[in-house]
Amino acid sequence: MTVNVGFLGTGIAAGWHLENLVTMQGVKVAALCDTAEGKAAGVAARYGGRPYTGYEEMLDKEDLDALYVCLPPFAHAEQEIAAAERGIHLLVEKPVTLDPEQGRRVAEAIERAGIISSSGYHWRYYNTVDRVQEILAERPIGMVLCRWLGGIWDAPWWRDRTKSGGQMVEQIGHFFDLLRYLLGEVRSVSGGLSHRGLIDDVEGYNLDDVSTVNLRFESGVIANVSATCMVQRGYSLQIDFLGRRLVLELTMGRLRIADGDEVTVVKNRVTSELSSHFAALDRTFIEAVRRGDGSAIRSSYADALRTLDLVLAVQRSIDTGETVVLHGKGK
Ligand SMILES: NC(=O)c1ccc[n+]([C@@H]2O[C@H](COP(=O)([O-])OP(=O)(O)OC[C@H]3O[C@@H](n4cnc5c(N)ncnc54)[C@H](O)[C@@H]3O)[C@@H](O)[C@H]2O)c1
């Protein structure tokens, strides 16, 4: 079966997914839609497919099996519901929305239609993350320290909090999602802090330059997550899992395991090609659509909504300094 794929939003993320899809057997890039005049046509010239500027026209005219939604966070409205009602399977890039109510309506439409859904939280598919999961099944940990030290994302909407949700919501969501995946649900978020005023040379920028927050998981494990977008792009993205004489250091490129006096390193199978970071996610989604079986998908739309609830609680603690209780009682 050839899987006919459509795209909504043809920017940076869409380009990375397209790089993977065109290398796959039995996948056809059938249609692309972007409201920016000429943008979809330019991308179609490279990857194939018919260009559109209106998603309803594309969904009506094309016979799509799957739709990749790669829109800026603020731009999600009725598109996913329109696709679900037509029985089109969905991969929605993260954060899947900034509006939890809109997200819940989409999740209900997905449920009603019985379609397959995936989000863009690709760290869940890393072989290094599988190894962390194996170790955590055997060895308890007490604390996790996360740091995302990087720069401002290229897309113009990213620097405007009303459009991106801010760094913690849009970017560090990757870490919060991974911690939920590996450690379970968060009971409470507390100690949110931020600082601004160092980035004063970027037009339209209104984000926190630096921010930090603490988490308490239902298991009792504690975590600190700290981030900045004022240093060099990709300077240091790392998560340290700490147990008794055990330190697991996870970065994009590798997992370093210090167990007692023994140190081993597991290399992440993704390559330096950024699109490859999506490869396992794309392969899993396309195979799920081909087989009509979503059981291998590691982050569904509904699950990504739970990550949204967490990152919005994180931002609330940062904005107000209050403790936000998500599950269970107390800090
Ligand atoms: N999973 C990841 O690691 C990853 C990496 C990069 C981006 N993303 C996510 O992908 C999404 C897109 O980010 P990007 O970096 O590709 O942004 P981008 O600005 O490069 O691309 C977005 C595209 O959407 C188009 N667009 C805007 N509103 C639209 C609408 N209503 N209908 C159709 N097209 C519309 C814009 O013209 C633009 O071409 C964001 O949610 C971002 O967080 C995820």
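The values are calculated or read from the model by the stated rules, or taken from the named source; none is laboratory data. Quick caveat, the model's predicted, so the values are computed rather than measured. Cβ placement follows ideal geometry from the backbone for every residue including glycine, while neighbour counts extend to all protein chains displayed. Note: accessible area is taken over every heavy atom of the protein model, side chains too, but ligands, DNA and RNA are not part of it. Shrake-Rupley method; radii C 1.70, N 1.55, O 1.52, S 1.80 Å.
Under 1.5 on a/c is rounded, so check that first for segment 4-131, then, if it is not, pick prolate when a/b is larger than b/c and oblate when it is not; a ≥ b ≥ c are the square roots of the alpha carbon gyration tensor eigenvalues.
Values: a/c = 1.45, a/b = 1.08, b/c = 1.33.
The shape class here is rounded.
Give me the percent of accessible area attributable to carbon and sulfur for the chain, probe 1.4 angstrom. Let's see the in-between values first.
Details: 7110 of 14490 Å².
Of all accessible area on the chain, carbon and sulfur atoms account for 49 percent.
From a point 7 Å beyond the Cα of residue 259 in the direction of its Cβ, which residues of segment 105-131 have a backbone N at a distance under 13 Å?
Backbone N within reach: 131.
What accessible area per residue comes out for segment 120-233, rounded to a whole number of Å², with a 1.4 Å probe?
Working: 4560 Å² over 114 residues.
Ligands and nucleic acids excluded, the result is 40 Å² per residue.
Applying 1/(1 + (r/R0)^6) with R0 = 30 Å to the Cβ-Cβ distance of residue 137 and residue 50, what FRET efficiency is obtained, to the nearest 0.05? It would help to have the intermediate numbers written out before the result.
Numbers: r = 47 Å, r/R0 = 1.58.
So, using R0 = 30 Å, E works out to roughly 0.05.
Please name whichever of 280, 235, 142 sits farthest to the positive end of the charge dipole of segment 123-281, dipole taken about the Cα centre and charges placed at Cβ: Lys and Arg +1, Asp and Glu -1.
142
Count neighbours as other Cβ atoms within 10 Å of each site's Cβ, and list the trypsin sites (Lys or Arg not before Pro) in segment 250-299 that are DSSP loop with at most 12 such neighbours. Provide the component values of the computation, followed by the final result.
Details: sites: 254, 256, 267, 269, 283, 290, 291, 298; in loops: 269, 298.
For trypsin sites (Lys or Arg not before Pro) across segment 250-299 that sit outside H, G, I, E and B with at most 12 neighbouring Cβ atoms in 10 Å, the list reads 269.
Could you work out the local net charge near residue 65, counting Lys and Arg as +1, Asp and Glu as -1, over the other residues with Cβ closer than 11 Å to its Cβ? Write down the numbers at each step before the final one.
Details: positive: 28, 86, 290; negative: 62, 63.
Every neighbour counted, the sum reads +1.
Compute the distance in nm between two label points, each set 7 Å from the Cα along the Cα-to-Cβ direction, one at residue 320 and one at residue 293.
Spacing of the two 7 Å Cα→Cβ label points: 4.6 nm.
Taking the Cα centre of segment 1-124 as origin, sum charge times position over the Cβ atoms of Lys and Arg (+1) and Asp and Glu (-1), and report the length of that vector in debye to the nearest 20. Can you show the working numbers first?
On the way: 11 positive and 17 negative charges, 82 e Å.
In debye, rounded to 20, segment 1-124 gives about 400.
Only residues of segment 68-106 count here: report those whose backbone N is under 18 Å from the spot 7 Å along Cα→Cβ of residue 28, or say none.
68, 88-89
Do you know the relative contact order of the chain, to the nearest whole percent, from alpha carbon pairs under 8 angstrom that are 6+ apart?
Details: 689 pairs, mean separation 67.1, N = 331.
Computed over the chain, the figure is 20 percent.
About the Cα centre of the chain, how large is the charge dipole given +1 on each Lys and Arg Cβ and -1 on each Asp and Glu Cβ? Please answer in debye to the nearest 20. Please report the intermediate quantities before stating the final value.
Values: 36 positive and 44 negative charges, 175 e Å.
Using Cβ point charges on Lys, Arg, Asp and Glu, the chain gives about 840 debye.
Mind listing which GluC sites (Glu not before Pro) in segment 2-65 are in a DSSP loop and have 12 or fewer other Cβ atoms within 10 Å?
Working: sites: 19, 37, 56, 57, 62; in loops: 37, 62.
For GluC sites (Glu not before Pro) across segment 2-65 that sit outside H, G, I, E and B with at most 12 neighbouring Cβ atoms in 10 Å, the list reads 37.
In Å and whole numbers, how far do the C-alpha atoms of segment 196-331 stretch along each principal axis, longest first?
47, 43, 41
Among 128, 264, 251, which one moves the most in a GNM of the chain with springs linking Cα atoms closer than 10 Å?
264
When only alpha-carbon atoms are used, what values of Rg and Dmax, in angstrom, describe the chain?
Reported Rg and Dmax, both Å: 19.9, 62.
State the answer as a single residue: which of 270, 96, 23 lies farthest towards the positive end of the charge dipole of the chain, with beta carbon charges of +1 for Lys and Arg and -1 for Asp and Glu, about the Cα centre.
It is 270.
Order 312, 281, most accessible first, counting only protein heavy atoms with a 1.4 angstrom probe. All intermediate terms of the calculation are to be shown ahead of the outcome.
Details: 312 60, 281 0 Å².
Result, largest first: 312, 281.
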